[in-house]
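In what follows, a single structure is set out as structure tokens and then discussed.
Only the coordinates and a few stated rules stand behind these numbers; no lab work does. All figures in this text were calculated on a predicted structure; none of them were measured in a lab. Note: ideal-geometry Cβ built from the backbone for every residue, glycine included; neighbour counts use all protein chains shown.
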Amino acid sequence: MAVAYFLFTLHGVFTLEWIGEWDRIGGGGFRFAIYVEDITAFICLVFRLAASVIALASVIYYLAKKEITKKLAYKLTRIVVFFEAIYWLGLATTAYFSVESLARILFSASLDHILNSLLVSVIPTVVEAIILPISLIILAIKISPNKPEKNIIKWALFSGILYVLSFWLVYSSIWVGIIRQKGIEYVTARPEFVFTFGLTAFGLAALAIYMTYFTWKSRGVLSIGQLQIKNIVAIVLALGLYFLWNYVSWVIFAGDQWNNWYAMFLGHNMDLWMLSLPLIALPMLFVWKDELKKNLLILATDGVGAVFIGVYLAAYLAGIPTLAVFHSDPIIRMLLAITGAIFLLLILILIVFAVTQRNTKVSTSKE
């Protein structure tokens, strides 16, 4: 996961052609706002690259030394979280232009136009570019071996809620824009779009609500050791599956063609590295005592996932420093489709095994 975080961010930093691309796609003509947004986003993206380098180096150091001091672990984590906050602050100019645009039409446009601007642009950008980074900065301040773990837990969970909430608002706003432009028929015409729309509009909302409930339930927790870690890992797995599904469904169902949803979701989405989250979540969530076959299935699933992520990253990195991404190459696309589909299938099988085993234990305890 740390490797994916680093390499995907590296690709974004060293492919500068994306700066001003939306202006060119829109027909040309210099638009000051787009270049300001892209340049500030790039500057702050460098901080995410630095965060990913530190995160990867920390993992390598731990694997090499087999240990890491608590003081050093807290210090490195604090830096990573702070740099991640700066990355999100890079979107503040987008939030500014969204609010400024709403202010200009507030007393002249129709209510429908105002609500559309508010829901599709202003609220999503303000949450991800202002509220989320402020929360992360507070979390970074709280991360210290000399401070109570309770406050770290509170702000870490609150930041997690804001991550999921931001994704729900931003990606749902994409669907709202598509439906307003193309009509609901665009969604219902293809089964995978119906499923993806449901995952976005309702699945991410449900995940945000559950995370809010979990945070409230954990309000009395005083130390990290008292947290229900498996619940957190399950949330991480669900979020990773959302990104994984959206990429794999494009590879399998869309051929090598862009369309409204995939162009907006996959085009320069700097959070696509999160499709690697299942690699770390699976071993933490699904471990069965004295059940060798199921544990081998976990290893096989992570193995297939590692191959898929490797091909995925190679398709992106091979095009540096241009915007060329080689997932449309027939051989690479076939590898992505096969390994991605198998990876998703194996994850679903593991989930079924876990649910079945849990239901069996509940039934046995009742007897």
> Could you give the length gained on full extension between Met284 and Ala300, defined as 0.36 nm per residue of separation minus the Cα-Cα distance, in nm?
Replying inline: 4.3 nm
> Could you state the per residue volume, in Å³, of the convex hull enclosing the Cα atoms of the range 208-309?
Replying inline: 133
> Given C-alpha coordinates of the range 145-256, what is the ratio Rg to Rh with the Kirkwood estimate of Rh?
Replying inline: 1.10
> So how tilted is helix 149-182 from the main axis of the chain? Cα-based, degrees 0 to 90, rounded to 10.
Replying inline: 40
> What do you get when you divide the Cα radius of gyration of the range 2-275 by 2.2 N^0.38 Å, with N the number of residues?
Replying inline: 1.07
> Suppose R0 equals 41 Å; then what is the FRET efficiency for Ile342 and Tyr210 from their Cβ-Cβ distance, rounded to the nearest 0.05?
Replying inline: 0.90
>> Can you return the lysines within cross-link range of Lys182? Criterion is Cα-Cα under 24 Å, with same-chain partners fewer than 8 residues away left out.
In response: none
> Within the chain, which is the longest segment containing none of the chymotrypsin sites (Phe, Trp or Tyr not before Pro) that sit in a DSSP loop and have at most 16 other Cβ atoms within 10 Å?
Replying inline: 108-257
>> I'd like the orientation of helix 292-317 relative to the chain: the angle between its Cα long axis and the longest Cα principal axis, in ° from 0 to 90, rounded to 10.
In response: 30
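Of the cross-linked pairs Lys75/Lys150; Lys65/Lys142; Lys75/Lys142, which ones have a Cα-Cα span greater than 19 Å in the structure shown?
On the way: Lys75/Lys150 17 Å; Lys65/Lys142 27 Å; Lys75/Lys142 11 Å.
From the list (Lys75/Lys150; Lys65/Lys142; Lys75/Lys142), the Cα-Cα distance tops 19 Å for Lys65/Lys142.
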> Roughly speaking, what is the centre-to-centre gap between the range 167-221 and the range 142-166 when only Cα atoms are used, to the nearest Å?
Replying inline: 24
> Where the centroid of each part is defined by its Cα atoms, how far is the range 261-278 from the range 113-133 in Å?
Replying inline: 20
>> Along the Cα→Cβ direction, 7 angstrom out, place labels at Ala33 and Leu119. What is the inter-label distance in nm?
In response: 2.0
>> Output the 0 to 90 degree angle, nearest 10, between the alpha-carbon long axis of helix 204-217 and the longest principal axis computed from the alpha carbons of the chain.
In response: 50
